[in-house]
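The values are calculated or read from the model by the stated rules, or taken from the named source; none is laboratory data. In this text, all values refer to a predicted model and were calculated from it rather than measured experimentally. Ideal geometry is used to build each Cβ from the backbone, glycine not excepted, and the neighbour counts take in all protein chains shown. Keep in mind that these areas ignore ligands, DNA and RNA; they rest on the heavy atoms of the full protein, side chains included. Shrake-Rupley method; radii C 1.70, N 1.55, O 1.52, S 1.80 Å.
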Amino acid sequence: MFYIKTWGCQMNEYDSLMISDILIKQKKYNNTQEFKKADILILNTCSIREKAQEKLFHQLGRWKKLKQQNKNLIIAVGGCVANQEGKKILKRANFVDIIFGTQTLHRLPKMISQKIKQQKSLIDISFPKLEKFNIIIPKKNVQCSQSISIMEGCNKYCSFCIVPYTRGREISRPFHDIIDEITYLSNNGTREIQLLGQNVNSYKNIDKNGKKYTFSKLLRSISLIPKIYRIRFITSNPMDFTDDIIDVYYETPKLVSFLHLPIQSGSNKILRLMKRPYSIIDYENIINKLRTARPNIQISSDFIVGFPGETEKDFLDTMHIVSKINFDMSFSFLYSPRPGTKASKLLDHTSLINKKKRLQILQEKIKQQTRKWSKKILNTNQKILVEKYFDQDKKYVLGKTEHNRTVFFEGNKNMIGKIITVQVLKQENSFFYGKYII
Ligand code: SAH
Ligand code: F3S
């Protein structure tokens with residue numbers, strides 16, 4: 001039996017599902033949620049912020065004790081820290097058996113077999129292009145709302161970011177493979193597809209006949225799959241958010257009126273230092289065009305606070321753009337220097353106390369705005385894509401509005417997988433309670 005612990009983004013969650021599918025299918029292993037029962041412990045790591053290495057060794061320290069009790073226990077470390085640190089992990093934790101990368105996770109079954117035969121630890125953190133997608137195994141538990149990866153990696157090298165080093169260069173999956181996979185999923189119950197990629201809108205692919213496919217073409221083609229009712233994508237960047245993508249918002253209502261578009265900072269000076277090749281005006285232009293196409297669109301974003309050189313004035317510029325765009329639920333982080341990145345060499349004069357204060361002010365503001373956006377749906381009728389039962393007694397079902405609000409209400413099996421109209425009556429924490437109308 002194997003146990004997987006996952007840290008980090010949706011891409012990592014997706015990778016862990018892939019690892020799980022492969023181990024079940026190829027090795028006939030079972031997945032367990034209780035690490036004490038497992039013969040194989042897998043850690044899928046994240047290195048985007050914080051003291052990722054420390055967190056890793058902390059966790060490994062705990063697992064070491066289990067290994068002392070059971071010599072045959074296999075410990076495998078994968079994900080972004082594995083790519084970043086590689087062999088160095090073994091220096092501090094020589095009891096780790098397998099180190100695999102973000103692009104070599106599909107080789108795990110073979111590595112496990114090899115490890116059982118030999119003493120030595122195994123490492124494979126290479127970047128074989130797209131190989132991992134060639135062995136996608138049809139999922140057993142297809143979800144009503146299903147994520148699929150369409151591209152990986154990044155060539156943009158924003159000065160603060162580790163992703164280009166841990167996920168490798170930008171690489172897009174073949175267009176036809178994606179369409180085939182989504183068609184398969186839609187025939188097995190998927191009604192909402194969420195496209196994943198570190199820079200999802202930078203998707204590009206050329207097929208065998210030399211035909212070119214862009215992100216907008218992909219969106220259009222997905223919208224033609226009849227049983228797919230909604231399309232989401234994450235994470236897009238403002239750099240490649242071209243007009244042809246905005247056009248798709250005019251063409252198909254299947255594309256939801258909710259977009260996560262990371263801005264990072266409201267100061268042009270900081271954006272330049274971050275090596276983000278757009279200005280605040282460019283960002284606002286994209287939003288204005290989107291709002292012309294879709295007056296009801298809601299925008300969420302990512303912010304980094306306390307980037308080296310960020311003055312009080314730069315921070316106020318960020319606060320200004322937060323109100324101006326009226327961002328909905330967004331993520332904001334304290335800048336965290338990443339080993340080997342350009343920004344990690346920049347001088348930084350702002351105290352941690354000041355940075356934390358700024359982060360708190362920003363988060364408070366975003367919370368207020370999010371609350372206002374949420375309030376807007378109270379006592380209105382909303383189109384809900386019903387995903388599953390809410391409770392064990394199967395009395396209530398739950399689904400989401402286009403704007404990512406989860407609503408539950410009394411319902412039945414026939415509603416699952418359909419878009420239905422629900423009157424939203426009240427909010428309970430981050431959930432909404434409603435009543436079925438049509
Ligand atoms: N491709 C996306 C971002 C992917 S990384 C884009 O273009 O914006 C996800 C988020 O993590 C980023 O948007 C950023 O806000 C945050 N992040 C990345 N590196 C960071 C760092 N060194 N410190 C703090 N936050 C960081
Ligand atoms: Fe990171 Fe910038 Fe790419 S934030 S993922 S280097 S677009």
Highest mean first, how do 369-381, 88-100 rank when packing is the count of other Cβ atoms within 10 Å averaged over residues? 88-100, 369-381
In order over the stretch 352-364: 3J(HN,Hα) from phi, Karplus 6.51/-1.76/1.60, θ = phi - 60°, whole Hz, x for each Gly or Pro, gives 4, 4, 5, 4, 5, 4, 4, 4, 5, 4, 4, 5, 4
Yeah, the stretch 312-438 with a ≥ b ≥ c from its alpha-carbon gyration tensor (a/c under 1.5 is rounded, else prolate when a/b outruns b/c, oblate otherwise) is prolate
Using a cut-off of 13 Å between alpha-carbon atoms, which aspartates and glutamates can reach LYS208, once sequence neighbours fewer than 8 places away in the same chain are excluded? ASP177
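Indicate the gyration tensor shape class of the stretch 81-159 (rounded, prolate or oblate), computed on the Cα atoms with a ≥ b ≥ c the square roots of the eigenvalues: a/c under 1.5 is rounded; otherwise a/b larger than b/c is prolate and the rest oblate.
Numbers: a/c = 2.35, a/b = 1.33, b/c = 1.77.
In terms of gyration-tensor shape, oblate.
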Alpha carbon centroid spacing (whole Å) that separates the stretch 285-315 from the stretch 60-123: 41 Å
What lysines could a cross-link reach from LYS129, if we take a straight Cα to Cα line under 16 Å and drop same-chain neighbours fewer than 8 places away? LYS204
The answer for SER149, listing residues at least 5 apart or on another chain whose modeled amide H is closer than 5 Å to its amide H, is LEU196
Looking at the stretch 165-206, which trypsin sites (Lys or Arg not before Pro) are in a loop (DSSP not H, G, I, E or B) and have at most 14 other Cβ atoms within 10 Å? ARG169
Computed on alpha carbon atoms, what radius of gyration and Dmax characterise the stretch 126-229, expressed in Å? 14.3, 43
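Please identify the chymotrypsin sites (Phe, Trp or Tyr not before Pro) of the stretch 104-170 that satisfy two criteria: DSSP loop assignment and at most 16 other Cβ atoms within 10 Å. Which are they?
TYR157
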Relative intensity, log₁₀ I(q)/I(0), of the chain from a Debye sum that treats every alpha carbon as a point, q = 0.09 Å⁻¹: -0.64
Taking amide H positions as placed 1.01 Å from N in the peptide plane, with prolines and chain starts having none, which residues 5 or more places from GLN298, or on another chain, fall under 5 Å of its amide H? PHE258, LEU259
Regarding the stretch 62-217, what whole-number volume in Å³ per residue does the convex hull of its Cα atoms give? 156 Å³
So what is the relative contact order of the chain, in percent, for Cα pairs below 8 Å that sit 6 or more residues apart? 10 percent
Enter the accessible area per residue of the chain (Å², integer; probe 1.4 Å; all protein chains in place). 48 Å²
Suppose each label sits 7 Å from its Cα in the direction of the beta carbon; what would the GLU284-LYS227 distance come out to in nanometres? 4.6 nm
Spatially close lysines, pair count over the stretch 365-419: Cα under 23 Å, gap of eight or more or interchain: 24
Partners for LYS324 among aspartates and glutamates (Cα-Cα distance below 13 Å; same-chain residues under 8 apart left out): GLU284
